[in-house]
Amino acid sequence: VDPDSVPYFSLALLPSPISNGRTRTTHGSVTVVGLGPAGPEWMTPQVRTAIAAADDLVGYGPYLDRLPSNAGQRKHGSDNRVESERAAFALDLAAKGQRVVVVSSGDPGVFAMASAVLEVACEPAYAAVPVEVLPGLTAAQAVASRIGAPLGHDYAVLSLSDRLKPWEVIAARITAAAQADLALAIYNPASRTRTWQVGAMRDLLLEHRDPGTPVVVGRDVGGPEEQVTVTTLGDLEPGIVDMRCLLIVGSSTTQVAPRADGRRVVYTPRRYPSRGA
Ligand SMILES: C[S@@+](CC[C@H](N)C(=O)[O-])C[C@H]1O[C@@H](n2cnc3c(N)ncnc32)[C@H](O)[C@@H]1O
C-alpha cells in the first residue's frame with residue numbers, strides 16, 4: 001500500500017486482523033501524537049485526551065518523562081534511534097488489543113514518528129491495525145512566534161541531518177531553496193557528532209543570498225534554557241548551534257525592526273515586491 005494514496009482514516013476502517021487463519025476482533029489501535037516543542041501549554045486538548053485514554057505509551061524516554069504517571073498505563077521508553085522497532089512494537093501491542101499512543105515532540109509528522117509508524121503499518125502483517133495521526137505544534141512555529149513572523153510568506157522546511165539521507169541531497173535542496181528565495185526553517189541543524197553542517201549550509205546559502213539576511217536561532221524554545229538569537233547569515237557562528245536549536249533563515253524580504261520597548265521583531269511581509277519595483 002502506498003501511504004500517500006490512502007487517507008489515514010481509511011486505515012482505521014480496515015477489517016479486524018486475521019490471526020492464525022481466524023478473524024479476531026480487537027479494539028486495539030495506534031495513535032501517533034505530537035506533544036508540542038515544550039511545556040504542557042503547547043499540547044493540544046485532543047492529544048491530552050488521547051494520552052489519557054491510552055493503555056500503553058511508546059516513545060523516546062525524555063518525551064515520555066514529560067507526561068504525568070498514570071497507574072493504569074504502561075510507559076515503554078526507548079532510544080531515539082530505533083524508530084522502526086518502536087513502531088513495530090507499538091503495532092504489535094495494538095494487534096493484541098491495546099490502545100497505544102506513540103509520542104513525538106512537536107508535530108508527529110515533522111521529522112518524527114508518524115512516517116515511521118505508517119511505513120511499518122503498511123506492511124501486510126499490520127494492514128488491519130487502525131492507525132491515527134494527531135497534529136501538534138511544531139518547533140518552527142514556536143520559534144517563529146517568539147520573534148515575530150519570519151515564516152509569514154513562502155518557506156521551506158529542511159532537516160540538516162545526514163543520518164537518514166545523503167548530504168548531497170541536503171546540499172541540493174539548500175541551493176534550490178536559496179535560488180527560489182524561500183525563507184527556511186532548519187531542523188536538526190547539529191548534534192554532538194554533526195558539527196560541520198551549519199557552516200556548510202551557511203556557505204551554500206551565501207552563494208545566492210545577501211550576507212545581511214536575518215537568521216533566527218531558537219534554542220530550547222518554551223523550555224528552561226530558552227534562548228532566541230537574531231543574527232545575519234554572514235555572521236552566523238556555527239558554534240552557537242546544537243541539537244536543541246531550530247534555525248530560521250530569512251528570504252530577501254525578511255525585515256528586522258526595533259520596537260519601542262527595545263526589543264526587535266523579525267517578520268517576512270505577505271506582499272512580495274513586484275519585479276522591477
Ligand atoms: C527530530 S526533530 C523533531 C521535530 C518535531 N517533530 C517538531 O515538529 O518540532 C528535532 C529537532 O526539532 C527542533 N526542536 C524541537 N523542539 C525544539 C525547541 N523547543 N526549540 C527549538 N528547536 C526545537 C530542533 O531542530 C531539533 O533538533
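The values are calculated or read from the model by the stated rules, or taken from the named source; none is laboratory data. Remember, it's a predicted structure, so these values are computed and weren't measured experimentally. Neighbour counts run over all protein chains shown; Cβ positions are idealised from the backbone, glycine included. These area figures cover heavy atoms from the full protein model, side chains too; ligands, DNA and RNA do not enter into them. Shrake-Rupley method; radii C 1.70, N 1.55, O 1.52, S 1.80 Å.
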Karplus 3J(HN,Hα) series, Hz, for segment 106-119 with 6.51 cos²θ - 1.76 cosθ + 1.60 (x for Gly, Pro): x, 9, x, x, 10, 6, 8, 6, 4, 5, 4, 5, 5, 4
Label point distance in nm, Thr193-Ala176, each placed 7 Å from Cα along Cα→Cβ: 2.8 nm
Gain on full stretching of the segment that runs from Leu206 to Lys75 - 0.36 nm per residue minus C-alpha separation: 42.6 nm
Amide H contacts of Tyr187 (H built 1.01 Å from N, under 5 Å, at least 5 apart or other chain): Leu158, Ser159, Leu160
Degrees separating the helix 197-206 axis from the principal Cα axis of the chain, which is the longest one: 50 degrees
Longest DSSP-loop-exposure-free segment, GluC sites (Glu not before Pro), the chain, at most 12 other Cβ within 10 Å: 1-206
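Tell me the chymotrypsin sites (Phe, Trp or Tyr not before Pro) within segment 133-238 that lie in a loop according to DSSP and have at most 16 other beta-carbon atoms within 10 Å.
Trp196
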Average accessible area per residue (Å²) across segment 39-188 - probe 1.4 Å, nucleic acids and ligands excluded: 46 Å²
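Ignoring ligands, DNA and RNA, what percent of the 1.4 Å accessible area of the chain is carbon and sulfur?
Working: 7530 of 14440 Å².
Here it works out to 52 percent.
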Rough spin-label spacing in nm, given labels placed 7 Å along Cα→Cβ, for Cys122 and His27: 3.1 nm
Tensor-based shape of segment 41-171 (alpha-carbon gyration tensor, a/c under 1.5 rounded, otherwise prolate or oblate): oblate
Per-pair calculated FRET efficiency, R0 = 30 Å: Leu164 and Asp220 via Cβ, rounded to 0.05: 0.80
From phi via Karplus (6.51, -1.76, 1.60), per-residue ³J(HN,Hα) for segment 70-77 in Hz, x at Gly/Pro: 10, 4, x, 10, 10, 9, 10, x
